[in-house]
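To keep things clear, I will list the structure first and then write my remarks on it.
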């Protein structure tokens, strides 16, 4: 049964987004495993071919680039979901009200940047859709499509974190801990 999405007081929207994001993360994790294994395989083939046959396989450059771009951006999206990107603490932890406000502001900035990636990445992908990657003949849109996908995923993932933070903040009378904000 789908939770009541329009009732943010009982966490319905947050629960709904968490469930969707968990399912998406499960798929992304499997895709990442496949991408990384494929990347390692292609690069290994390239290196072995250069060492033993002194002849590079030119197609491996395009394929490894495609695999690398997708794995980096999908991995970065998962990093957004788990808050796993680098953070530098500049303010002391004693000013928790200011820190929580800054966290919300950072989440909003990440949403804006994700939307920029989604919209501009889509435009970029469409503009380069007819170009081909060097030796393979693969359309460049397959590499460029990773940008709008990253944008949509990061918006969805950071929205989950933002709703969790705002929800725990309002339920607890203005206080929340990192464990309550973490959406894992």
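The values are calculated or read from the model by the stated rules, or taken from the named source; none is laboratory data. All figures in this text were calculated on a predicted structure; none of them were measured in a lab. In this analysis, Cβ positions are derived from the backbone assuming ideal geometry, glycine residues included, and neighbour counts consider all displayed protein chains.
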Worksheet item: Is there a residue in segment 151-169 that is at pLDDT below 95 and either under 22 Å from residue 36 (Cβ atoms) or surrounded by fewer than 16 Cβ atoms within 10 Å (Cβ to Cβ) (or both)?
Response: no
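Can you tell me which residues in segment 48-100 are closer than 30 Å to residue 148 by Cβ and over 16 Å from the mean Cα position of the chain (by Cα)? Don't jump to the end; show me each part of the working.
Within segment 48-100, the subset closer than 30 Å to residue 148 by Cβ is 58-88.
Those that are closer than 30 Å to residue 148 by Cβ and over 16 Å from the mean Cα position of the chain (by Cα): 58, 59, 60, 61, 62, 63, 64, 65, 66, 87, 88.
What residue, of 97, 173, 137, is in a helix (DSSP H, G or I), over 27 Å from residue 24 (Cα atoms) and modelled with pLDDT under 95?
Working: 173 fails: in a helix (DSSP H, G or I); 137 fails: in a helix (DSSP H, G or I).
Exactly one of 97, 173, 137 is in a helix (DSSP H, G or I), over 27 Å from residue 24 (Cα atoms) and modelled with pLDDT under 95, namely 97.
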Discussion item. Going through 45, 20, 28 one at a time, which residue ends up being more than 15 Å from the chain's Cα centre (by Cα) and either in a helix (DSSP H, G or I) or at pLDDT below 95 (or both)?
Written reply: 45
Worksheet item: Quick check: anything in segment 80-91 out of contact with any helix residue (DSSP H, G or I) (no Cβ under 7 Å at 6 or more places or on another chain), assigned to a helix (DSSP H, G or I), modelled with pLDDT of 90 or more and on the phi < 0 side of the Ramachandran plot?
Response: yes
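Could you check, for segment 53-70, whether at least one of its residues is assigned to a helix (DSSP H, G or I), more than 21 Å from residue 143 (Cβ to Cβ) and without any contact (Cβ under 8 Å) to a residue 60 or more places away in the chain?
Taking segment 53-70 and keeping what is assigned to a helix (DSSP H, G or I), we get 53, 59-70.
Narrowing the set further to residues that are more than 21 Å from residue 143 (Cβ to Cβ) leaves 53.
Then drop every residue that is not without any contact (Cβ under 8 Å) to a residue 60 or more places away in the chain, which leaves 53.
Checked against the condition, which is being assigned to a helix (DSSP H, G or I), more than 21 Å from residue 143 (Cβ to Cβ) and without any contact (Cβ under 8 Å) to a residue 60 or more places away in the chain, segment 53-70 yields at least one hit.
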Worksheet item: Does residue 108 meet the test of being modelled with pLDDT of 80 or more, within 21 Å of the chain's Cα centre (by Cα), buried (at least 17 other Cβ atoms within 10 Å of the Cβ) and closer than 20 Å to residue 166 by Cα?
Response: no
